[in-house]
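Written below as structure tokens is the structure these notes are about.
The values are calculated or read from the model by the stated rules, or taken from the named source; none is laboratory data. Computed from a prediction, not measured in an experiment: that's the story for all the values here. Cβ: placed from backbone, ideal geometry, glycine included. Neighbour counts: every protein chain shown. Calculation scope for accessible area: heavy atoms of the full protein, side chains included, ligands and nucleic acids excluded. Shrake-Rupley method; radii C 1.70, N 1.55, O 1.52, S 1.80 Å.
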Amino acid sequence: MYRPVDLARRHGLSAQAVRNYEREGVLPPAERTPSGYRRFTEVHARALSAYLALIVGHGHAASGDIMRAVNRGEIDTALRAIDQSHGLLHRDRETLDAVETAVVTLVGAEPPPQGRAAVPISVVAHRLGLRPATLRKWELAGVLRPQRDPGTRHRVYAPDDVRDAELAHLLRRGGYRLDHIATVLRRVRDAGGAEALAGSLSQWRTRLTERGQAMLTGAGRLAEYLDGRPQPLRALTSDAKTTTLSE
């Protein structure tokens, strides 16, 4: 049997954190001594190890949902949450692939002259071989962010806006969805341009790889926890309630 402080020391936590995890349903219900103190078992130790490992790959919110579902005996719900996290990771990888493709193209291209005057939407549409309505659709989707002329309120595209439109056109031809393209362009803008973003792509891919590996570790710890339970926790909880009521 373990006290809260015993589990806490094994994982570098506070005893209060362990109590909070049990109260929040991240850990299965603990037994209580006659004086009301919690007593944990090796099952709880494996549950805590699984939760902390899951956090690294899935984040706190998703990991909490996974563990609470498992502790309720809702394994399919837990697995669905895991699937969703893997889907998000896959989408992030696709976005990174798109960014790398775009950056290679943009870095090798001649940058637009920053002193050039802003141009109307018709000029950009003609340059790309598109209809103005297509550019307006991209704007509604968050892909483009042209300014408005103070006098006429017409859309005007500065050099960076033209760059964004060219990049969006490139990615659209590659089959990428508009929401993906919006994410790519946001990365380019936040980095201060394609050249600055190119230097951070390797770090970005490393983070995705580490996240994927952490998901594998979390899956292994969760499997150990599931295999180590003597019976479904839902049944244990139901039996405990029945006993309490009968008494």
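Evaluate the distance, in nm, between pseudo-label points positioned 7 Å from the Cα of TYR37 and of ALA223 along their respective Cα→Cβ axes.
3.8 nm
For the stretch 43-74 and the stretch 162-182, write down the distance between their C-alpha centroids in whole Å.
38 Å
With every protein chain kept in place and ligands, DNA and RNA left out, what is the accessible area per residue of the stretch 138-177? Probe 1.4 Å, answer in Å².
55 Å²
For the stretch 59-107, which trypsin sites (Lys or Arg not before Pro) are both in a DSSP coil and crowded by at most 16 other Cβ atoms within 10 Å?
Qualifying residues, ordered by number: ARG72.
Using a 1.4 angstrom probe and counting only protein chains, how large is the accessible area of VAL104 in Å², to 10?
Counting only protein heavy atoms, VAL104 exposes about 110 Å² to solvent.
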